[in-house]
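Asker: Below you'll find the structure I mean.
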Amino acid sequence: MKSLTDTYKLNNGVEIPCIGFGTWQTPDGQVAMDSVKNAIRAGYRHIDTAAAYGNEKSVGKGIADSDVKREELFITTKLWNNNRGYDKTLNAFEKSLNELDTDYVDLYLIHWPANKSDGKKINADTWRAFEQLYKEGKIKAIGVSNFLVHHLEDLKETAEIMPMVNQIEFHPGQMQVETVQYCKANNILVEAWSPLGTGRMLKNPDLIEIAEKYGVSVARLCIRWCLQNDTLPLPKSVTPERIIENTKVFDFTISDDDMQKINGMPYIGGSGLNPDTVNF
Ligand code: A2P
């Protein structure tokens, strides 16, 4: 990858810009609008939001206010947990389209797997609606988020189309090796949410030491590290300078040695959210 507009190719041929601009925890309103506009100005062409973030409308306005045409942008949103199931998914998707003020979405994800005893059936029903919307051309690619191997295996039993993407928490110390290996083996692109561990990585002395060697910030190091692990990072920031800083990841390469070092780091903090036990 050489620039923000370089792409990964999904298993259905759709091209997805290699870094997405994250908007989780970005407050709705002016902040979301401005940060999306700033991101597009800085060269991001891939914006990641979700119904649950409560900022789809502002993200849509930021996009509409930018100088870049809709078809040059890649927009992802996600189905929230209270709308699982076939009919509810179809309705929730229409609502997201309205909020974003667009007539299609590039990538739609199931935000979290249902994890109760009836979870398998619920995920299958939800996925049927995703497949339907995909076939109708309202979504260019469909995927999941926070799915572990067993959720993907369950889905496979009834799916006509396998997910193109699995968006998971991925940063130093939390590499979810088993899930990533499964996704790679099954041609499912791994997207990295919280590539900076929601900021938790930035004060780690080992990462600081490695970053200093390359003359970069830990944020840049972590984003680059995601790319060199063939995952697609989704860094979030509402700060104009950081939005730009996080794009400067194409002018250095982390050595194999340092990749090994970072890949071998123990858990140094994360969201603590386990898809099998979350109760939202
Ligand atoms: P802010 O949005 O206030 O700029 P993640 O992408 O892992 O979820 O991390 C997002 C957090 O990291 C946010 O708190 C964001 O702060 C902060 N952040 C993003 N980019 C940088 C950066 N380049 N330097 C320092 N902090 C950053």
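Asker: Under Stokes-Einstein, with the Kirkwood radius over Cα pairs standing in for Rh, what whole-number D in µm²/s applies to segment 136-280 at 20 °C and 1.002 mPa s?
Answerer: Estimated via Stokes-Einstein, D reaches 132 µm²/s.
Asker: Let me ask something additional. In what sequence, largest accessible area first, do GLU245, GLU209, GLU131, GLU15 appear using a 1.4 Å probe?
Answerer: GLU209, GLU15, GLU245, GLU131
Asker: Okay, next question. Largest first, what is the accessible-area ranking of SER145, SER255 with a 1.4 Å probe?
Answerer: So, going from the largest accessible area down, we get SER255, SER145.
Asker: Under a Cβ-Cβ cut-off of 9 Å, what is the net charge of the residues other than TRP24 that fall near it, where Lys and Arg count +1 and Asp and Glu count -1?
Answerer: Result for the local shell: 0.
Asker: Here's a follow-up. Quick check on my link table: of LYS213/LYS236; LYS9/LYS184; LYS57/LYS95; LYS37/LYS236, which ones sit more than 19 Å apart, alpha carbon to alpha carbon?
Answerer: In this structure, LYS213/LYS236 exceed 19 Å between Cα atoms.
Asker: Also, I was wondering about something else. Read phi for every residue in segment 248-262 and hand back ³J(HN,Hα) as whole Hz from Karplus 6.51 cos²θ - 1.76 cosθ + 1.60, θ = phi - 60°, with x for Gly and Pro.
Answerer: So the Karplus estimates, Gly and Pro as x, are 8, 10, 10, 10, 8, 10, 6, 5, 4, 4, 6, 4, 4, 4, 5 Hz.
Asker: Using the Cα atoms of segment 70-132, I'd like the radius of gyration and the largest Cα-Cα distance, Dmax, both in angstrom.
Answerer: 12.2, 42
Asker: Label-point separation (nm) for THR253 and ARG41, each offset 7 Å from Cα along Cα-to-Cβ?
Answerer: Inter-label distance under the simple model: 3.4 nm.
Asker: At a probe size of 1.4 Å, how large is the accessible area of LEU227, to the nearest 10 Å²?
Answerer: Number for this one is 10 Å².
Asker: For the chain, what does -39500 (n - 2.57) per DSSP helix run (n ≥ 4), summed and divided by total residues, give at 222 nm, in deg cm²/dmol to the nearest 500?
Answerer: -12000 deg cm²/dmol
Asker: What list of ³J(HN,Hα) couplings, whole Hz, do you get for segment 149-162 from phi and the Karplus terms 6.51, -1.76, 1.60, once you set θ to phi - 60° and write x for glycine and proline?
Answerer: The phi angles translate into 4, 5, 5, 5, 5, 4, 4, 4, 4, 10, 6, 8, 10, 7 Hz.
Asker: Among rounded, prolate and oblate, which fits segment 3-107 when a ≥ b ≥ c are the square roots of the eigenvalues of its C-alpha gyration tensor, a/c under 1.5 means rounded, and a/b larger than b/c means prolate?
Answerer: Verdict is oblate for segment 3-107.
Asker: Where the only charges are on Cβ atoms (+1 Lys, Arg; -1 Asp, Glu), what is the dipole of the chain about its Cα centre, to the nearest 20 debye?
Answerer: Its charge dipole is roughly 240 debye.
Asker: How long are the semi-axes of the ellipsoid equivalent to the chain, from square roots of 5 times the Cα gyration tensor eigenvalues, in whole Å, largest first?
Answerer: Ellipsoid semi-axes (Å, largest first): 28, 23, 16.
The values are calculated or read from the model by the stated rules, or taken from the named source; none is laboratory data. Everything numeric in this text was worked out from a predicted model, so none of it was measured. Heads up, the Cβs are rebuilt from the backbone with ideal geometry, glycines too, and the neighbour counts pull from every protein chain shown. Ligands, DNA and RNA are excluded from the accessible area calculation, which covers all protein heavy atoms including side chains. Shrake-Rupley method; radii C 1.70, N 1.55, O 1.52, S 1.80 Å.
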